Amino acid sequence: MRIINRVPGRGLTVFLAALPFVVMMIAYAIGSHARLSVNPADKVLPSLVQMATTMNEYAFVQDKRTGEYLLWSDTAISLWRLGSARVCRSLS
C-alpha cells in the first residue's frame, strides 16, 4: 500500500487535528511572554491568564452599573444589528 493511501487511526486523527491549535497557542504564549517581559502594561498580546480572567469577568460576572452579563448582552445586540441590517437591505 502506498503511503498516500494510508488512513490514520482515530487517535492519530485527533492528534493531527489538534496539533495546529496547540502550536499556535504555544507560539502566542511565547510571544506574549516576550512582550510582557519588556513592558508589563502591554495590551497587544495579553497573557493567557489575563485573557481567561477578562473572559470570566465578561461572561460570568454581572456588570455593576447595568446588572447584565456584558458578553451575552453585547452578543445579543450584535446579532440583532446584523439581523436588522439584513432586513433593511432586503426591503430596499
| note | Considering segment 1-29, residues that are assigned to a helix (DSSP H, G or I) and not aliphatic (A, V, I, L, M), and then whichever is farthest from the chain's Cα centre (by Cα), we arrive at 5
| request: Name the single residue, out of those in segment 51-75 being outside any helix (DSSP H, G or I) and among the polar types (S, T, N, Q), that is farthest from the chain's Cα centre (by Cα). | output: 66
| query | Which condition number does residue 63 fail, the rest of (1) more than 30 Å from residue 34 (Cα to Cα); (2) modelled with pLDDT of 90 or more; (3) surrounded by fewer than 11 Cβ atoms within 10 Å (Cβ to Cβ) being met? | reply | (3)
| query | Among the residues of segment 26-43, which ones are under 19 Å from residue 53 (Cα atoms) and either among the hydroxyl-bearing types (Ser, Thr, Tyr) or in contact with a helix residue (DSSP H, G or I) (Cβ under 8 Å, 6 or more places away or on another chain) (or both)? | reply | 28, 29, 32, 42
| message | Give all pairs with beta carbons closer than 8 Å in which a residue from segment 51-69 that is not assigned by TED's automatic domain parsing to the domain that holds residue 41 meets a residue that is β-branched (Val, Ile, Thr) and loosely packed, with under 12 Cβ neighbours inside 10 Å; count only pairs at least 6 apart in sequence or on separate chains. | response | 69/61
| field | Residue check for residue 32: assigned to a helix (DSSP H, G or I) and touching a Ser or Thr at 6+ places or on another chain (Cβ under 8 Å) | value | yes
| query | Could you list, in sequence order, the residues of segment 35-50 that are in a loop (DSSP other than H, G, I, E, B) and polar (S, T, N, Q)? | reply | 39, 47
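The values are calculated or read from the model by the stated rules, or taken from the named source; none is laboratory data. Because the structure is a prediction, the values reported are computed rather than measured. For neighbour counting, all protein chains shown are included, and Cβ atoms are generated from backbone atoms with ideal geometry for every residue, glycine included.
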